[in-house]
1. Out of curiosity, is residue 77 in a helix (DSSP H, G or I), buried (at least 19 other Cβ atoms within 10 Å of the Cβ) and touching a Lys or Arg at 6+ places or on another chain (Cβ under 9 Å)?
2. In the set 157, 185, which member is at pLDDT 95 or above and either among the basic types (Lys, Arg) or out of contact with any helix residue (DSSP H, G or I) (no Cβ under 6 Å at 6 or more places or on another chain) (or both)?
3. Within the set of pairs 6 or more residues apart or between chains, which connect a residue that is open to solvent by 90 Å² or more (accessible area, probe 1.4 Å) inside the range 17-37 to a residue that is part of a helix (DSSP H, G or I) and at pLDDT below 95 with Cβ atoms less than 7 Å apart?
4. Would you call residue 107 in a helix (DSSP H, G or I), loosely packed, with under 14 Cβ neighbours inside 10 Å, of a type in the set (Lys, Arg) and at negative phi?
5. With closer than 15 Å to residue 109 by Cβ and either touching an Asp or Glu at 6+ places or on another chain (Cβ under 7 Å) or not small (Gly, Ala, Ser) (or both) as the only criterion, which of 127, 173 stands out?
6. Being closer than 22 Å to residue 66 by Cα, among the acidic types (Asp, Glu) and modelled with pLDDT under 95 is true for just one of 134, 83, 126, 118. Which residue is that?
7. Looking only at the range 142-160, how many residues end up being within 15 Å of the chain's Cα centre (by Cα) and crowded, with 20+ Cβ neighbours inside 10 Å?
8. Please verify whether residue 62 is at pLDDT below 90 and either open to solvent by less than 30 Å² (accessible area, probe 1.4 Å) or outside any helix (DSSP H, G or I) (or both), treating the condition exactly as stated.
Amino acid sequence: MTVGPETSTDGSRTAMTQRSHAKELRRLALLSAAAGLFAENGFSRVSLEDLGAAAGVSGPAVYRHFPGKQAVLGELLLSVSRDLLDGGLRVVSDAGTPTEALQELIRFQVDFALSNPDVIRVQDRDFSSLGDADQAEVRQLQRSYVETWVGVLARIHTDADVPGLRVRAHAAFGLINSTPHSVRHHGRKIAAKSARPILEQMAFAALTA
């Protein structure tokens with residue numbers, strides 16, 4: 001059977017797509033490994049060899065995906081910050097009333113906190129290890145995410161000042177983000193189905209008080 005140009009091109013395109021998919025999976029595996037290792041040991045104590053071993057590749061192979069360890073940390077925190085902002089904006093856009101928007105934002109944040117305690121710990125402890133440009137971008141993304149919450153709260157607390165609403169939002173983040181890690185850290189791992197309603201109810205009560 002003769003393989004014509006069209007078949008050859010399609011086959012090459014399929015192979016390239018498969019390679020790209022495999023490369024993306026390895027990149028995501030490295031980010032996942034980095035979250036766990038940075039959270040457990042701290043950014044400064046983790047080597048590229050450690051990252052590669054945890055992700056199932058050699059240390060030098062990490063350079064195929066990231067120019068260095070700092071770039072891994074940058075992508076980890078930037079990707080999370082982008083996902084939070086995009087998700088928050090989508091939640092608000094899809095919600096009907098301000099109260100529904102607030103409830104959905106709380107559910108969204110609780111889901112993030114329960115799913116990503118390692119990333120939260122890395123953000124809290126190793127943010128200063130980011131490069132200047134990445135620090136500035138993460139801060140901007142996170143400010144925008146906070147303002148998404150503030151915009152919803154302003155529609156609920158119509159007489160409140162904006163700085164006070166920001167305090168409410170940050171207090172809710174503190175409650176939601178710290179609980180999953182602190183409970184696990186003290187050796188009493190809590191099931192998500194048990195933690196979720198508690199965190200959601202307490203955050204909603206605090207934000208609407």
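1. No: the conditions fail for residue 77.
2. 157
3. 26/55
4. no
5. The match here is 173.
6. The match here is 118.
7. Counting residues in the range 142-160 that are within 15 Å of the chain's Cα centre (by Cα) and crowded, with 20+ Cβ neighbours inside 10 Å gives 1.
8. yes
The values are calculated or read from the model by the stated rules, or taken from the named source; none is laboratory data. Treat the numbers as computed from the prediction; the structure is a model and nothing was measured. Cβ atoms come from the backbone with ideal geometry, glycine included; neighbour counts cover every protein chain shown. For accessibility, only protein heavy atoms count, side chains too; no ligands or nucleic acids. Shrake-Rupley method; radii C 1.70, N 1.55, O 1.52, S 1.80 Å.
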